[in-house]
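Written below as structure tokens is the structure these notes are about.
The values are calculated or read from the model by the stated rules, or taken from the named source; none is laboratory data. None of these values were measured; they are calculated from a predicted model. Positions of Cβ are backbone-derived with ideal geometry, glycine not excepted, and every protein chain shown enters the neighbour counts.
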Amino acid sequence: MLHEQRGKDVEAEILKLKVELLCRGARLGTKIDRGRKVGAGPAGGRCIILPGGSCVNTPLWGDFVKESKLVLIKRGDEWGLLKGDNLEAEVELVPYPRFYSQKTSDGVPMWKVALLHGKDCLATTVYQKCVYWDTGKKCKFCGIELSLNADKTIAIKKPKQFCEVVEAAVEEGVCGHITLTTGTTASRDRGAKLLAEVVGEVKAYKEIPVHVQLEPPKNSRYLELLAENGADTIGIHVESFDQRVLKEVCPGKVKTEIEKYFEAWRHSVELFGEGQVSSFIIAGLGEDDESILKGSEELARIGVIPYLVPLRPIIGTEFENRWPPSPLRMIRLYEGIANILIRYGLDPRKSKAGCVRCGGCSALSEAFAQHHH
Ligand code: SF4
């Protein structure tokens with residue numbers, strides 16, 4: 001069984017367990033509230049803390065989870081992961097924060113405005129709609145408007161509303177950093193203006209590290225606006241380096257040429273610094289390993305962190321019955337990318353805010369730690 005002691009073997013075991021949880025999820029041996037089923041990003045899970053402190057945004061919903069060998073159990077007050085009869089690890093569940101039961105001054109339940117991700121990352125989708133949903137060209141893995149339609153959130157998070165949630169989360173001691181994402185707007189800023197407004201409001205209240213995510217805006221001026229308003233890190237997500245896959249899976253997003261991504265990444269590295277810019281890469285969309293490793297190397301070369309995640313099939317999306325890639329494949333890819341990062345002198349553990357710092361959806365930092373000795 002895994003416990004707190006460190007060492008190379010333990011690190012390798014943690015990496016293996018984290019990847020298995022990300023790719024296969026955990027079945028429930030105990031009744032619990034399973035967290036949000038839908039939403040933007042990798043929804044459909046709860047955050048589990050492994051021995052040593054790694055957190056895992058663990059899928060608990062979906063067809064593929066039924067086949068998972070890992071079972072989440074509770075004995076007395078202790079949580080654990082069973083595999084067969086063997087207790088693989090004692091774990092912790094990040095408790096739901098108290099601010100979920102509070103309301104903003106205009107009467108909106110705070111859990112509809114922002115959620116706690118990972119251990120201490122307050123996250124929200126400031127604009128919960130996306131232009132590609134209107135035009136029938138949405139990304140097939142994405143559930144951004146599902147939570148809106150299910151009345152689990154509100155369409156636009158006003159800067160003041162969000163700031164009130166930040167204050168409540170800070171008071172409770174659960175807000176170490178912030179992730180702000182957005183659906184893509186039809187306007188030239190791609191959502192940057194509202195993001196920048198929200199960042200400005202947060203920073204006027206308190207110096208908390210803030211991460212923003214968006215598509216490359218039409219004009220690089222909007223990236224500068226985000227930096228000027230105080231954003232600390234930025235994610236510009238290409239999703240896949242395989243153009244054939246992108247055309248099939250992201251028929252709307254694919255219209256933004258890859259050159260535009262590179263321009264935005266380069267400019268962002270100038271604004272936010274090396275290793276403070278990232279891109280999600282999703283494995284399991286039909287691409288091969290080479291496209292992921294080659295793309296990751298191109299990113300690392302310009303100072304961008306390739307944040308590799310396995311596909312998360314979200315209920316209600318076109319991909320709900322898909323399976324994430326195999327844990328073996330993911331470990332191979334994580335190790336490949338960790339070595340690339342080491343070669344280019346980028347350390348994901350130094351990210352100031354957002355998904356790379358949180359690490360709930362990717363085992364990149366664990367793979368990096370294992371190889372970086
Ligand atoms: S890695 Fe990003 S999307 Fe995943 S739990 Fe953390 S903040 Fe949320």
**OP:** Could you grab me the full set of residues in the stretch 318-372 that are over 29 Å from CYS175 (Cβ atoms), part of a loop (DSSP other than H, G, I, E, B) and within 16 Å of the ligand (Cβ to nearest atom)?
**Re:** PRO324
**OP:** Could you tell me which of the residues LYS137, LYS129, LYS103 is under 29 Å from VAL210 (Cβ atoms), more than 16 Å from the ligand (Cβ to nearest atom) and touching a residue at least 24 places away in the same chain (Cβ under 8 Å)?
**Re:** LYS129
Subject >> Residues of the stretch 51-71 classified as of a type in the set (Lys, Arg) and at pLDDT 95 or above, total >> reply: 1
Original post:
part of a loop (DSSP other than H, G, I, E, B), buried (at least 23 other Cβ atoms within 10 Å of the Cβ) and not polar (S, T, N, Q): does that describe ALA231?
Top reply: yes
Subject >> The listed residue being of a type in the set (Ser, Thr, Tyr), out of contact with any Pro (no Cβ under 8 Å at 6 or more places or on another chain) and at pLDDT 95 or above, out of THR135, THR125 >> reply: THR125
Original post:
Only one of ARG349, ARG357 is within 30 Å of ILE208 (Cβ to Cβ) and without any contact (Cβ under 8 Å) to a residue 24 or more places away in the chain; which?
Top reply: ARG349
Original post:
Among strands (runs of 3 or more DSSP E) lying entirely in the stretch 58-153, which contain 2 or more residues that are under 30 Å from LYS253 (Cα atoms)?
Top reply: 115-117, 121-127
Original post:
Could you say whether any residue in the stretch 297-313 is free of Cβ contacts under 8 Å to residues at least 24 places away in the same chain and hydrophobic (A, V, I, L, M, F, W, C)?
Top reply: no
**OP:** Please state which one of ALA300, ALA363, ALA353, ALA369 is in contact with a His (Cβ under 6 Å, 6 or more places away or on another chain), on the phi < 0 side of the Ramachandran plot and hydrophobic (A, V, I, L, M, F, W, C).
**Re:** ALA353
**OP:** Could you grab me the full set of residues in the stretch 175-203 that are more than 13 Å from the ligand (Cβ to nearest atom) and not in a helix (DSSP H, G or I)?
**Re:** THR182, GLY183, THR184, THR185, ALA186, SER187, ARG188, ASP189, ARG190, GLY191
